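Below: one structure, written as structure tokens.
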Amino acid sequence: MTDRFSFDLHATDGAARTGVIHTPRGDIRTPAFMPVGTAATVKAMLPDSVAATGADVLLGNTYHLMLRPTAERIDRLGGLHGFMNWNKPILTDSGGFQVMSLAELRKLTEDGVTFRSHVDGSRHHLSPERSMEIQRLLGSDIVMAFDECPALPADRTRIEDSMRLSMRWAARSRAAFGDRPGYALFGIQQGGLERDLRAESAKALIDIGFEGYAVGGLAVGEGQEAMFGCLDYATDMLPVDKPRYLMGVGKPDDIVGAVKRGIDMMDCVLPSRSGRTGQAFTRHGVVNIKNARHQDDPRPLDEGCSCPACTGYSRAYLHHVFRAKEMISGMLLTWHNLHYFQVIMQEMRTAIAAGTFAEWEAGFHAGRAQGDIDPL
Ligand SMILES: [Zn+2]
């Protein structure tokens, strides 16, 4: 264990990297996938079960937690780790992105954003200083700078103005974060799909200095090809010796493509959200468990998977409990999906260390192209 936050890069294979982020609450093996625990829970999962899938770190949402149950209440109750019974590292977002996507009656100024809660209509203000305070009250190990980002497509002027505002907010976030050994503050690169703006943003962040760097403003409607096109140059603009985090990504093939382009950390609600709507991610692509083809099928979802859903239950059972709206349906499929995402991450870490990432990637795509097993 360590009392500092640090990152050790162990191996690279092409642009892909593997290493370890050390924190006082434990190590994070990279590339890392972070399950999302929006409201102080990864929906349908106990914390021990999330850890059992191989997750080293969770993401918590500042916007949701500041509204309910509030950061001050979580602080009084001992912080987010104890509150939700998760003792490994937690990364929190800054609230900026979700204010823009969820809150009502937003008003954006140089100081920050004033908005009404989507829960009860109450009025709130978020600024770089308030976001740092909330994330400190939560006890977050990895804190994100407060930023603003337009949905794509957006015109260049809007992207440019927004990026420069975010860089001013990044400097204020750094100042407000203060000196907190063992905790990390990540800056967020913006600039949409404009290469020169991405470069300007990266330079501004590096001048301020952060413990890690996120690529923000992607996975907001631009499509995979455009996202990969941007990552092809965006990651190169960031320091080699600091973790790089791609926010809000993604589907398994998005994750693999991002790792290939030098990303170390990702988060997404997809495995948990899809688990609750009857969608399973497997080596052979997506399986919709609600389909009638599964109702008499005694075979597991994925015979190569070691998760509880695949070792203990048939497709017929998973189909039945989904149709019957039993809670165990979301529990089992969420566990399977989180397990599968972590298997991909572990396989990529191993392949990068061995210098066999290209072969691994070819196998990953071949498995998906094969499609689901034939119906009985
Ligand atoms: Zn499974």
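The values are calculated or read from the model by the stated rules, or taken from the named source; none is laboratory data. Everything numeric in this text was worked out from a predicted model, so none of it was measured. Cβ sites come from the backbone with ideal geometry, for glycine too, and all protein chains shown count toward neighbours.
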TODO: Report, by residue number, each residue of the stretch 253-269 that is in contact with a Pro (Cβ under 9 Å, 6 or more places away or on another chain) and outside any loop (DSSP other than H, G, I, E, B).
DONE: Ile255, Ala258, Val259, Met265, Met266, Asp267, Cys268
- [ ] Output the residues belonging to the stretch 80-112 that are surrounded by 21 or more Cβ atoms within 10 Å (Cβ to Cβ), of a type in the set (A, V, I, L, M, F, W, C) and at pLDDT below 95.
- [x] Phe97, Val99
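Got a number for residues in the stretch 113-144 being among the aliphatic types (A, V, I, L, M) and surrounded by fewer than 17 Cβ atoms within 10 Å (Cβ to Cβ)?
Quick first cut of the stretch 113-144, residues among the aliphatic types (A, V, I, L, M) only: 113, 119, 126, 132, 134, 137-138, 142-144.
Those left that are additionally surrounded by fewer than 17 Cβ atoms within 10 Å (Cβ to Cβ): 119.
Matching residues across the stretch 113-144 total 1.
Could you list, in sequence order, all residues of the stretch 24-50 that are out of contact with any helix residue (DSSP H, G or I) (no Cβ under 7 Å at 6 or more places or on another chain), in contact (Cβ under 8 Å) with a residue 60 or more places away in the chain, more than 21 Å from Met66 (Cβ to Cβ) and assigned to a strand (DSSP E or B)?
Narrowing the stretch 24-50 to residues out of contact with any helix residue (DSSP H, G or I) (no Cβ under 7 Å at 6 or more places or on another chain): 24-28, 30, 34, 46, 48.
Narrowing the set further to residues that are in contact (Cβ under 8 Å) with a residue 60 or more places away in the chain leaves 24-26, 28, 30, 34.
Imposing the further condition that a residue be more than 21 Å from Met66 (Cβ to Cβ) reduces the set to 24-26, 28, 30.
Residues satisfying the conditions are Gly26, Ile28, Thr30.
Do the conditions hold for Leu77, that is, is it without any contact (Cβ under 8 Å) to a residue 12 or more places away in the chain and either touching a Lys or Arg at 6+ places or on another chain (Cβ under 6 Å) or not assigned by TED's automatic domain parsing to the domain that holds Trp169 (or both)? Quick ask: steps written out before the conclusion?
Working: without any contact (Cβ under 8 Å) to a residue 12 or more places away in the chain: yes; either touching a Lys or Arg at 6+ places or on another chain (Cβ under 6 Å) or not assigned by TED's automatic domain parsing to the domain that holds Trp169 (or both): no.
Here the answer is no, as Leu77 does not meet what is asked.
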Open item on the list: Here is a check on your reading of the model: is Arg273 charged (D, E, K, R) and under 18 Å from the mean Cα position of the chain (by Cα)?
Closed with: yes
TODO: May I ask you to say which residue of Pro298, Pro375 is in contact with a Ser or Thr (Cβ under 7 Å, 6 or more places away or on another chain) and of a type outside the set (Lys, Arg)?
DONE: Pro298
Task: Conditions (1) within 16 Å of the ligand (Cβ to nearest atom); (2) without any contact (Cβ under 8 Å) to a residue 40 or more places away in the chain; (3) among the aromatic types (Phe, Trp, Tyr): number failed by Phe228 - done: (1)
- [ ] Search the stretch 323-356 for residues being buried (at least 23 other Cβ atoms within 10 Å of the Cβ) and either among the small types (Gly, Ala, Ser) or over 27 Å from Arg17 (Cβ atoms) (or both), and hand back the single one that is nearest to the ligand (Cβ to nearest atom).
- [x] His336
- [ ] Give the stretch 275-313 a look and list any residue that's buried (at least 21 other Cβ atoms within 10 Å of the Cβ), in a helix (DSSP H, G or I) and more than 9 Å from the ligand (Cβ to nearest atom), or say none.
- [x] Gly275, His294
Task: Qualifying residues in the stretch 38-79 (those that are among the acidic types (Asp, Glu) and over 15 Å from the mean Cα position of the chain (by Cα)) - the one surrounded by the fewest Cβ atoms within 10 Å (Cβ to Cβ) - done: Asp48
